[in-house]
């Protein structure tokens, strides 16, 4: 949390949060508690703003909303904890190796000094003295061999630990960038990839299109058939969009029932054609309620498409794709609309 609380303040805020959850009939689970605790303490203005906007649109706090808010605002914390723990383990491993190296270096230095001393005094020694010294050197050589073996084992262990940590960090990063319900990219991943691909398009002069899509009348599905069925619909749509785009496309769940597809190296007319293909693929799916086997009809989607121009920021591109999407919904839904940048029109 951004601000510091006394124990008494934290207890009071926790009690207020639990009371709010009970009053609003919100499930008292850790995810919902975390979201509303942050909301009540106003320690995260962006979260407060996002939640207010969501509530203004739907009128109530839903599980889908909780998942979206938590995924967007709290996966950073989990990722950060994993990175901090990995740093601690790496430091611990390296400290052990450094100790082994320092000990071995000290022993090698002492061993070298003794060899030099032996070489200097060897001419004046008797046979018995030479035998004693050689015996001591052989003993120390064996010790040095054992120490070198121990050092190599320490280095091997450190290497294995670092390889495991690298794998762990990769898994945590992938999890932080993946939508838990659908398995496609989440909002965080979308934001990062849109920025990266827009910069790349500006550098290489290639085209880039953004597609925004929304499930038509999704609230009706949830209200009529329940949230589990709504989740089934969202997963079906996510799979259809992912399978219908190329390997270079980034398909993401933007939030709730809204999706986004970033299309590198694609012109506007091609992106519009692809959006229509995806729209038809979704509407062709037969939706059967798994719990009852009931055929509940077809799902349709509305699409908005926009072409990126090198002289605009990604927020402008996103707003234009959103405007096209709302145009499609306001024009009767189940269709594709596109908007061209004013910069492109005057270029």
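The values are calculated or read from the model by the stated rules, or taken from the named source; none is laboratory data. This structure is a prediction, so every number in the text was calculated from the model and none was measured. Note that we place each Cβ from the backbone using ideal geometry, even for glycine, and neighbour counts take in every protein chain shown.
Computed values, structure above
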read-out: Filter result (within 18 Å of residue 257 (Cα to Cα) and surrounded by 23 or more Cβ atoms within 10 Å (Cβ to Cβ)) within the stretch 300-334; value: 301, 302, 303, 304, 305, 321, 324, 325, 328
read-out: Residues that are out of contact with any helix residue (DSSP H, G or I) (no Cβ under 7 Å at 6 or more places or on another chain) and outside any helix (DSSP H, G or I), drawn from the stretch 6-48; value: 6, 24, 25, 27, 29, 43
read-out: Some residue of the stretch 156-171 being farther than 24 Å from residue 288 by Cα and modelled with pLDDT of 90 or more; value: no
read-out: Spans of helices (runs of 4 or more DSSP H) in the stretch 268-347 with at least 1 residues closer than 30 Å to residue 205 by Cβ and at pLDDT 95 or above; value: 268-284, 314-330
read-out: The one condition in (1) under 23 Å from the mean Cα position of the chain (by Cα); (2) not in a strand (DSSP E or B) that residue 220 fails to fulfil; value: (1)
read-out: Qualifying positions in the stretch 190-207 - crowded, with 20+ Cβ neighbours inside 10 Å and either over 28 Å from residue 283 (Cα atoms) or more than 23 Å from the chain's Cα centre (by Cα) (or both); value: 197, 198
